[in-house]
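The values are calculated or read from the model by the stated rules, or taken from the named source; none is laboratory data. Remember, predicted model here, so these are calculated numbers, not experimental data. Cβ: placed from backbone, ideal geometry, glycine included. Neighbour counts: every protein chain shown.
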Amino acid sequence: MINRTLSNVVLALIVVIWVVPFIALVATSLRSEMATKTSGFWTSFTPTILGHRFSTHDKTEVLKSNELRGNIFKRINKDQDWFPVSGNIESIMFKGRVPDPNNPDKTILMKKLVPVGETMEVRGGDFIFETNGDFVWTFPDGSKLKPKKLDVFVNQDPVFAPEAYVEVLIDNENVPNALISSFIVTIPATIIPITIAAFAAYAFAWMRFPGRDWIFIGVVTLMIVPTQLAFLPILQGFNGIASWMMALQELLTDCEATDSCAVPSKSFAGLWITHTAFGQPLAIYLLRNYIVGLPKELLESARIDGASHMQIFLKIILPLSVPALASFAIFQFLWIWNDLLVALYIGPSSSGERVFPILLEQQLGTFGDQLHLLNASAVISMVVPVIVFLAMQRYFIRGLLAGSVKGG
Amino acid sequence: MRSIMNIIASNGLAIILTVICVLPITAIFAYSLSAPLDDLFSNLGLWLRETQGWSLAPIEAELRFAKISFALRSVVIAVGISSLYFWITNWLNSGLARVREKKSIGRQSAIIEAIQPWIFVGPALVLLTLFLVVPAFMTLGISFQEANGTLTTNNYSFLWDPKALGYVQFRFAMRNSLMWLILVPTFCIIFGLAVAVLADSLRWGVVAKTFIFVPMAISFVGAAVIWRNIFAGGGIEAQQVINGFTPSYQTGLLKSILGHSPSYNEPLYNLKFWGNFFLMWIMVWIKTGFAMVIFSAALRGVPKETVEAAIIDGANPWQLFFKIKLPQIYSTVVVVWTYMVTEVLKVFDIPYALSANDDDKLLLATMMEAAKNTWSIGGDAVDNLFAAIAIMLMITVIPHMIFNAWRLRKEQKELGN
Amino acid sequence: MTNTRKVIGAAGFASILLAGSAFAGVCDTPSKLGDLGSFPGEIITMQGSMLGTDQEMLEATVSCFEQATGATIQYSGSRDFAALVVADLRSNNAPNIAIFPQPGLAADMAKEGHLVPLGNDMADWMTDNYGAGSSWVDLGTYADANGKEDFYGFAYKMDLKSLVWYSPEQFEDNGYEVPATMEELIELSDQMVSDGNTPWCIGIESGNATGWTATDWMEDIMLRTASPAKYDQWVSNELPFNSPEVINAMNVFGQFSKNDDYVAGGASSVATTSFGDAPKGLFTSPPSCMMHRQASFITGFFPNKGKEVEDGEADAFYFPPFASGNLGNPVLGAGTLYTMTKDSPATRAFFNFLKEAAAHEAWMQQGVFLTAHKGANLDAYATPLLRKQGQILSNATTFRFDASDLMPGAIGAGAFWSEMTAFANGQDSQTTANNIQAAWDAIK
């Protein structure tokens, strides 16, 4: 039984290490900017003693009697829409200059923490406050008092609010644009490779042609080739196509008049084609392995019935291959949605068309000191892939296992 | 009697030529004809903006919907062209065979069967050749040229010349790659095995495994943001309060545990040399899920009899694992290890996002990026250096490629397909 | 949406942007826009280094142009602007407009032939319509690839740098008074230390641009320890960087930044604290520091995005000169230069927009914006503090541009920044000066 406890403890420890960062992410995205700069996220779940400044009354307020009553929390929260402060008042800091006992010509600064219930002197009057924030300030007749700003220490309740999300989604077009761009890049680049790879996979599985085995090995081995190797020529190629298309456009339309001839060489279409090409090895590998696992009798009886390969593929194999297609689709979707490298080199970089990973990487720099915004942006980028992932876990795992585990 | 090979070859050529002529023109037509759809969608976007009261600028709404429409029709056109391809080639294949070999149905079938596989694999192979194979060789060529085209090995001089641009960086990259190679796969495997073994024996194991697995869904950059919260530090330190507390203003979790003061703002991954380990950990955090899944399945595949026999013989859990289970999944461990090695060699996003300009953290992939964008050599000479480093990267993955090819070949022979 | 609007209203002037209502307010200026032409659907791309609140105010200001002409302006900002724009210009990916925070870098780009001349008419207009107009024209005039000089950079939006930010109530509570001379400032700092307070918040981190705040400190001090003529010689390197006057200025800065008691977080935190975070120490409870020397734009980085100034929570005083120096009232400033990097009719119209007083007033109304445009209505300044800054500008006996912005890119956006960072991290002044001089020698 010791073993069982040990197992539980060790596993729990590992899970904690894995999960705490996510908690940090979400917690930080729900805090205020000042909170993220002055304390760590782990302090935001329990009441903590924090300092705030409040002013006793507004400049415009006219004091009628010689007594001012108010509530410290109301004063602190006067302009605070998202993160209201609540909790228990601990103390207020009192500062004043008093004559230096050692040096009669000089003064020293006295700083004292005045606890709840004790009277303190403010602008010649008496100030007393309670734990719930109510305060009373009595001052002599005839004084016209300016508002006084005081440092108060509050045992503050945890407060979370989605201010960062509002700021990042609504006040700024970058995140919504990046979301849309990511969808625009990912969905076609997931669908299109399938139309090409499925046929090839079938051929590698059930058709005979010279060199089939070696070509298949070649195709699969290409999965390992670093894609950076191909970037320079691909970019040159797209540049060429772009100028060719521009020339064509100038020939066929009157775009020169409106100066709209420019054809960008880094575009969504470029990304679709590139990801389609880069995704072939994995797609062919997954699909072919799956098709090979289907019963050969299917093929043989259909051939006997006189069906052509095309008919067998379209009518029998493709419908049966849906699990493998799903596996590839989710792999490809996640891969492209999260991809930074290819998008950086080959995809559009303008602010309206960047995909999310590029935006996030730039925000690491620009939002480096606005952690709440950075984390909110990161959460938004993760919502889609995590949901897709959790929903299609089974197919993802199946894909991972294809060919990695020998036997059953 | 014309030889059958001739007919096959000439039919094939005819098919290829037809495809090359017809498909691009059809695509251009399809795009031009469907262009008004973009305007339709733009107007839809504007209308939605009005009726739903969005706070978007009108031109943004137009642009967005136009983009979405472009994507939609691209998908439809792509699928359409693809289907058109297969339909035309198929039709031509059987049609031409029938026309040219009227007498023997057997020969007709032979012709059709000879060409058809190439129809199926053709597009995939063409794409791969155009986008991976040919560019790879072109990059090789570029790496041996100067900007003006003369042949040279100068671009590789960072390998041997201490005064060459990239010499220092290459040494850093090699040192770091070695560290990453040794540590990241090892820890992924250790953690992956640990969770796979522990989770299978506990009731809440499935939940635990899901938690370990989720990081695989997020991007490397997202992971960088997540771990930045833990590894970064700093914070605005208030002055010490008289006879009171000094609130802890450290904002980084790990630095707080280690007792760093908030005024030392450097994130842990910026430390010289030691910072690398923090970057490596992020990758371990992401990839352990992969190892765990593979090992979980492999462990389940260990024959029950061997396990039961060992338990009867009185083996304790440690012996059970190390002497019975582990040896039987040894090949899986090797597979996971080789996969991790390749991933480590190619890793780019994590060091790029968190330490872009720091030579101390360079890896080959980030070194390439730095060569292209940061080392202002000016002009096109950059591309040649970029190509040379890319080739070095390629060389480091060649062993895995060979191993993989060998493994596949072995499988093929075993299955006798 | 109403809740959001309330938040936006509460968060202060010019901090959040919405289509519709906010725009209308900004473009409602005392001076009216002339006819700029009509460019429906045209897109103008702009690149700059402005982010955060600055970016929002820029986008609101250019929306007036968008509304008047129908064109759309796409602005993309980045802290790594210097590297990005160079890469884009060299790879034929130029935006229409590049906003340079440094004339040095703009001059480099002009020499490589990437900038489009704005024309002599534009230069003449500026000479006539800007205060000290000819110096502004000089600032934007560079040599192209053939050595021919042309007017490329249109100065729009200036920064006043010789300011020290503080909290008046903190000063009142602690019994401090605003110093009128540098000697008094140093005495005040010592007094703060003995009171148990920390006098200064200094932060110079800024990604690839780390160190620029330290260069500002040093330039302000240089103006207070050496004559304006020497300052100009220093900028052109006629006065070597490792000459005694310059090293002296560096050492005075070191007096502030290397003193652990003087700086919140200690001397070692200076290089790792981001410039945007440093002023927040004025406003924590209890405050981390009492004073922060920084240019006028910094209010956008205060916790309440600058509302503290309205509330009387924050104010600025003039960074004083040495009484013993007899150098009058020197003032340090800087400005952004708008250059045309890809010509188009709509882009030319935008530059005409910049000539309009309304374009200046639109930004003046939003917040931190100073201008030398003589036609801009002073009442449009958003706050008394800004009007005060305008007065500091006019009371100055010497006005000089930020030296690091005037030096060539390799120094002003390179060695000067990185060496001052090393200085803040403990390197001694002689070595620092020698290193920067070596960088100068390398490019001569």
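From A:T221, A:T186, grab the single residue that is within 30 Å of B:M340 (Cβ to Cβ), more than 9 Å from every other protein chain (Cβ to nearest Cβ) and not aliphatic (A, V, I, L, M). Give the steps one after another, and end with the answer.
Values: A:T221 fails: more than 9 Å from every other protein chain (Cβ to nearest Cβ).
Being within 30 Å of B:M340 (Cβ to Cβ), more than 9 Å from every other protein chain (Cβ to nearest Cβ) and not aliphatic (A, V, I, L, M) holds for just one of A:T221, A:T186, which is A:T186.
Can you tell me which residue is surrounded by the fewest Cβ atoms within 10 Å (Cβ to Cβ) among those in the range C:342-386 that are among the β-branched types (V, I, T) and over 23 Å from C:S134 (Cα atoms)? Step through it out loud before you land on a result.
Step one: of the range C:342-386, the residues among the β-branched types (V, I, T) are C:347, C:368, C:371, C:383.
This time we only want the ones that are over 23 Å from C:S134 (Cα atoms), so: C:347, C:368, C:383.
Working: C:T347: 22, C:V368: 27, C:T383: 15.
Ranking the qualifying residues of the range C:342-386, first place goes to C:T383.
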Checklist entry - Out of the residues in the range B:187-203 that are part of a helix (DSSP H, G or I) and facing another protein chain (nearest Cβ under 7 Å), which is farthest from A:A27 (Cα to Cα)? => result B:S201
Item to check | Residue in the range B:162-193 that is surrounded by the fewest Cβ atoms within 10 Å (Cβ to Cβ), counting only those that are touching a helix residue (DSSP H, G or I) at 6+ places or on another chain (Cβ under 6 Å) and modelled with pLDDT under 85 | outcome: B:A164
Checklist entry - Under the condition of being outside any helix (DSSP H, G or I) and modelled with pLDDT under 85, which residue from the range A:224-261 is nearest to the other protein chains (Cβ to nearest Cβ)? => result A:D259
Checklist entry - Right, B:S69: within 11 Å of chain A (Cβ to nearest Cβ) and touching an Asp or Glu at 6+ places or on another chain (Cβ under 6 Å) or not? => result yes
Checklist entry - Which pairs have Cβ atoms under 8 Å, sit 6 or more apart or on different chains, and link a residue in the range B:204-220 that is facing chain A (nearest Cβ under 8 Å) to one that is in a helix (DSSP H, G or I) and charged (D, E, K, R)? => result B:M216/B:K287; B:S219/B:D349; B:F220/B:D349
Next on the checklist: So, B:T332, is that one within 12 Å of another protein chain (Cβ to nearest Cβ), under 25 Å from the mean Cα position of the chain (by Cα) and either modelled with pLDDT under 85 or at positive phi (or both) or not?
Outcome noted: no
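Working carefully through the options B:K304, B:K287, find the one that is more than 14 Å from chain C (Cβ to nearest Cβ), modelled with pLDDT of 75 or more and surrounded by fewer than 24 Cβ atoms within 10 Å (Cβ to Cβ).
Working: B:K287 fails: surrounded by fewer than 24 Cβ atoms within 10 Å (Cβ to Cβ).
Testing whether each residue is more than 14 Å from chain C (Cβ to nearest Cβ), modelled with pLDDT of 75 or more and surrounded by fewer than 24 Cβ atoms within 10 Å (Cβ to Cβ) leaves just B:K304.
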Checklist outcome for this item: Residues of the range B:22-63 being under 36 Å from the mean Cα position of the chain (by Cα), hydrophobic (A, V, I, L, M, F, W, C) and closer than 20 Å to C:G41 by Cβ, in sequence order, are B:A35, B:L37, B:F41, B:L56, B:I59, B:A61, B:L63
Next on the checklist: I'm trying to understand the selection: among the residues of the range C:39-85, which are over 24 Å from C:G25 (Cβ atoms), among the hydroxyl-bearing types (S, T, Y) and at pLDDT 85 or above?
Outcome noted: C:T45, C:S49, C:S76
Checklist entry - Would you call A:S351 in the same structural domain as A:N177 (by TED's automatic domain parsing) and in contact with a strand residue (DSSP E or B) (Cβ under 6 Å, 6 or more places away or on another chain)? => result yes
Checklist entry - Which of the residues that make up the range A:1-59 are within 14 Å of chain C (Cβ to nearest Cβ), surrounded by 22 or more Cβ atoms within 10 Å (Cβ to Cβ) and in a helix (DSSP H, G or I)? => result A:A35, A:T36, A:K37, A:T38
Checklist outcome for this item: If we keep only residues of the range B:113-127 that are aliphatic (A, V, I, L, M) and crowded, with 21+ Cβ neighbours inside 10 Å, then the residue farthest from A:A277 (Cα to Cα) is B:A114
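Condition test on B:A223, is it assigned to a helix (DSSP H, G or I), closer than 30 Å to B:P262 by Cα, more than 7 Å from chain A (Cβ to nearest Cβ) and not hydroxyl-bearing (S, T, Y)? Before the answer, list the steps.
Numbers: assigned to a helix (DSSP H, G or I): yes; closer than 30 Å to B:P262 by Cα: yes; more than 7 Å from chain A (Cβ to nearest Cβ): yes; not hydroxyl-bearing (S, T, Y): yes.
So B:A223 fits the description; yes.
Just give me the residues in the range C:261-275 being part of a strand (DSSP E or B) and either free of Cβ contacts under 8 Å to residues at least 24 places away in the same chain or closer than 11 Å to C:T210 by Cα (or both), in sequence order.
Looking only at the range C:261-275, we keep the residues that are part of a strand (DSSP E or B), and these are C:263, C:274.
Answer for the range C:261-275, where residues must be part of a strand (DSSP E or B) and either free of Cβ contacts under 8 Å to residues at least 24 places away in the same chain or closer than 11 Å to C:T210 by Cα (or both): just C:S274.
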Next on the checklist: I'm checking my understanding of the structure. Among residues of the range B:194-209 that are more than 12 Å from A:W18 (Cβ to Cβ) and not aliphatic (A, V, I, L, M), which one is surrounded by the fewest Cβ atoms within 10 Å (Cβ to Cβ)?
Outcome noted: B:R203
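If you scan the range A:297-312, which residues turn out to be closer than 18 Å to A:V322 by Cα and either surrounded by 21 or more Cβ atoms within 10 Å (Cβ to Cβ) or more than 9 Å from chain B (Cβ to nearest Cβ) (or both)?
Residues of the range A:297-312 closer than 18 Å to A:V322 by Cα: A:298-299, A:310-312.
Once the filter is applied, which keeps residues that are closer than 18 Å to A:V322 by Cα and either surrounded by 21 or more Cβ atoms within 10 Å (Cβ to Cβ) or more than 9 Å from chain B (Cβ to nearest Cβ) (or both), the range A:297-312 yields A:L298, A:L299, A:Q311, A:I312.
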Checklist outcome for this item: Out of (1) of a type outside the set (F, W, Y); (2) touching a strand residue (DSSP E or B) at 6+ places or on another chain (Cβ under 8 Å); (3) in a helix (DSSP H, G or I); (4) modelled with pLDDT of 95 or more, the one C:E184 does not meet is (2)
Checklist entry - Does the range A:340-356 hold any residues that are free of Cβ contacts under 8 Å to residues at least 40 places away in the same chain and within 14 Å of the chain's Cα centre (by Cα), and which are they? => result A:L340
Checklist entry - Going by the conditions given, is B:I391 modelled with pLDDT of 90 or more, within 10 Å of another protein chain (Cβ to nearest Cβ) and crowded, with 16+ Cβ neighbours inside 10 Å? => result yes
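Any idea which of C:M218, C:M222, C:M192, C:M250 is of a type in the set (A, V, I, L, M), crowded, with 17+ Cβ neighbours inside 10 Å, within 11 Å of another protein chain (Cβ to nearest Cβ) and part of a helix (DSSP H, G or I)? Give the steps one after another, and end with the answer.
Details: C:M218 fails: within 11 Å of another protein chain (Cβ to nearest Cβ); C:M222 fails: within 11 Å of another protein chain (Cβ to nearest Cβ); C:M250 fails: within 11 Å of another protein chain (Cβ to nearest Cβ).
The match here is C:M192.
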Checklist entry - Any residue in the range C:301-316 that is buried (at least 20 other Cβ atoms within 10 Å of the Cβ), more than 12 Å from chain A (Cβ to nearest Cβ) and of a type in the set (G, A, S)? => result yes
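Within the group C:T339, C:T397, which residue is in contact with a Gly (Cβ under 6 Å, 6 or more places away or on another chain) and buried (at least 23 other Cβ atoms within 10 Å of the Cβ)?
Exactly one of C:T339, C:T397 is in contact with a Gly (Cβ under 6 Å, 6 or more places away or on another chain) and buried (at least 23 other Cβ atoms within 10 Å of the Cβ), namely C:T339.
So that you can scan it fast, the table gives a plain yes or no per residue for (1) under 38 Å from the mean Cα position of the chain (by Cα); (2) surrounded by fewer than 17 Cβ atoms within 10 Å (Cβ to Cβ):
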residue: A:R208; (1), (2): no, yes
residue: A:I224; (1), (2): yes, no
residue: A:A230; (1), (2): yes, no
residue: A:M245; (1), (2): yes, yes
Next on the checklist: Scan the range A:90-97 and tell me whether some residue there is more than 30 Å from A:W337 (Cα to Cα), more than 12 Å from chain C (Cβ to nearest Cβ) and either touching a helix residue (DSSP H, G or I) at 6+ places or on another chain (Cβ under 7 Å) or among the small types (G, A, S) (or both).
Outcome noted: no
Next on the checklist: Being in contact with a Pro (Cβ under 8 Å, 6 or more places away or on another chain), hydrophobic (A, V, I, L, M, F, W, C) and either assigned to a helix (DSSP H, G or I) or without any contact (Cβ under 8 Å) to a residue 40 or more places away in the chain (or both) is true for just one of C:A68, C:A107. Which residue is that?
Outcome noted: C:A107
